[in-house]
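Comments concern the structure below.
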Amino acid sequence: MNDMLIKGATLVDGTGAPARTGDIAFRDGRITEIGGPIRSAARQTLNAEGALVAPAWVDIHTHYDGQATWDDAMEPSAGQGVGTAIMGNCGVGFAPVRPGGERELIELMEGVEDIPGSVLHEGMPWGAWHSLPEYLDFLSQRRWALDIGSMVTHGAVRLAVMGERGKRDEAANAQDLAQMADLVQEAVQAGAMGFSTSRIRGHRSIHGDPVPGTFAAEDEVLAFAQALRRAGRGVYQMIPSSTVGSAPMLGGERHSQLDELALMAKASRVSGRPVTFTLFQVDEWPALWRQVLAGVVDHNQAGAQLYPQVGARPTAIVLSLATYHPFMRKPSYLAIRELPLPERLAAMRQPALKAAILAETTIAHPQPGTMENVVVHMAMNWDQVYRLSDCAADHEPARGLSLAARAQAEGVSPLACLYDCLTAGDGRQYVMRFFTNYSDFNHDALHEMHSHPATVTGLGDAGAHVSVIFDAVAPTFQLTHWVRDRSRGQRLALESVVHRQTLKNARLFGLHDRGALAVGLRADLNVIDFDRLSLGEIAVHRDLPAGGARLLQPASGYLATFVNGVMTRSDDLDTGERPGRLVRSAG
Ligand SMILES: [Zn+2]
């Protein structure tokens, strides 16, 4: 007898094939029948007429490395229909860790991914592992709402082998290379999903040091490719130099995106493995991404396996009085910053204080790499700054709604306009500073990226940047915006969006037991009321260990999510079931 029979749904099977109406049944976590009508008996039946049934989403770009050690609910991903999440991206993670090396890994994660250090100090069971295989063994005892796989990270490996030398811009010698490559091979053979590295200057520890490995020479990059070849499995993930621009304020990037493309193609050929890397449209070179994509096609024809990873929408830093904003390091603001919001708001509305804050010079935070410093020193480019309320649900506001335009219309400076926006109403206002994918003031570049056969969908960064970016909702946004609601340009086909966030991602990571609705595959699936699918209000929650804050935005319309045949969500609520396990790479 089947455990569950879902009847009369619109089946979007993850392969990209046209949606069709039918039934689906599963037993012991595996799909047993599909199509129908299915007449065999089931313990439970769900009438899904009018609803979509699709494989649960496979999110290949998350940073749950800390959270997975203390949490089991795995928000925000679990509430967005994600059934499998890959963490350990962008070169930062928590294993291997040398004795006494915890602090530097925390400070790296705190700076790069904006996960508060206090959260990681208090939340994580430090001492439960040293090597990456031990970390995986620890994780394999954990139970979550979804499955999790982990990469092994360049930052941790370089620190473990090279110590202080690894932090500095120092080349690895032959012995370092051999030891680091051995660690990576061992990690991937033990089940790590691949190897990740960051090569941008903007990814820094709270002390301002780039992630160890940022400036790695070609021999080091390729040593890890050799390690993957020897392991015979795994994905090479990279955020290439110059991905978010030339970073002049940080001393300038060393390599162009096209140089990096050639290096990644070499890494793919040397490893025989897929290489996936971050691809953004950036204002500095608004058409470069097209050249990169053309280069990918050429390299792939010559035997590389390059998978540019693209985001669902423009990446935005969220500014608010409850989190980060450009005024937070002004002397007159520092004097009131500890006040509860209502009192702080009342003070900020006093004309004298407002004038002082607007006129004062920023005092940098003593730790150069903190998010406070990033935000207060960020070039604002006011054309790219919008009130969240003007972005509605689509994140595609007309240029005339930017703070540049608003300020001009109101005859005030953009900074004063921002001040007014943040202090309006009850002070719970959000302003977005887009910094990728919005150079043309619309989503046409994104549409082209998502329509390109070489690209994969990712970059939601779930678990990271917890109070400045909320792109973890990307899997839901793909459906609401790209399939259904976009009004300023072309949309994407439902079947294509589903394929890209299920089977295509699962295959890239060698997860051959999931990603499609097919007999024998895992019963990881979403039942979705597509007409009602939506994202709610974003809000700040102080629910992390040590009272750490994060921005969360709930989704509605997920009637049910099943992971390994177990219902983890029902009508957008956590059922409390924890069928999620560690996924290990397969040989
Ligand atoms: Zn990342």
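Annotations
- Peptide ranges 147-158, 454-465, 532-543 listed from the most packed, as the mean C-beta count within 10 angstrom indicates: 147-158, 454-465, 532-543
- Sequence-distant lysines (8 or more away, or on other chains) whose Cα lies within less than 28 Å of Lys7: Lys504
- For segment 230-311, a Kirkwood hydrodynamic radius built from all Cα pairs, placed in the Stokes-Einstein relation at 4 °C and 1.567 mPa s, yields a translational diffusion coefficient of 99 µm²/s.
- Considering only Leu293, Pro453, Val431, the residue lying farthest towards the positive end of the dipole of the chain is Pro453, judged by Cα position with unit charges set on Cβ.
- Charge dipole (debye, nearest 20) of the chain; +1 at Cβ of Lys and Arg, -1 at Cβ of Asp and Glu: 580
- Net lengthening on full extension, Ala335/Met1 (0.36 nm per residue, minus Cα-Cα): 113.5 nm
- Span from the segment 285-339 Cα centroid across to the segment 561-587 one, whole angstrom: 30
- Dipole size of segment 318-433 about its Cα centre, with +1 on Lys/Arg Cβ and -1 on Asp/Glu Cβ: approximately 200 debye, rounded to the nearest 20.
- Positive-end ranking of Ala172, Gln553, Val53 along the dipole of the chain, with charges on Cβ about the Cα centre, is headed by Val53.
- When each of Arg254, Arg486 is scored by the number of other beta-carbon atoms lying within 10 Å, the sequence from fewest to most is Arg254, Arg486.
- Charge context of Lys7, other residues only, Cβ under 11 angstrom, K/R +1, D/E -1: -1
- Based on Cα contacts under 8 Å between residues 6+ apart, segment 318-433 shows a relative contact order of 34 percent.
- Here's the picture: charge each Lys and Arg Cβ at +1 and each Asp and Glu Cβ at -1 in segment 318-433, and of Cys391, Tyr324, Thr361 the one pushed furthest to the positive end of that dipole is Thr361.
- Two-decimal Rg/Rh across the chain, once Rg and the Kirkwood Rh are taken from alpha-carbon atoms: 0.96
- Those lysines that a straight Cα-Cα span of less than 27 Å connects to Lys354, excepting residues fewer than 8 apart in one chain: Lys330
- Extension reserve of the Asp426-Gln490 stretch, reckoned as 0.36 nm per residue once the Cα distance is removed: 19.4 nm
Read-outs throughout are calculated quantities, based only on the coordinates presented, and are distinct from any laboratory measurement. Predicted model, so just to flag it, every value in this text is computed and none were measured. Positions of Cβ are backbone-derived with ideal geometry, glycine not excepted, and every protein chain shown enters the neighbour counts.
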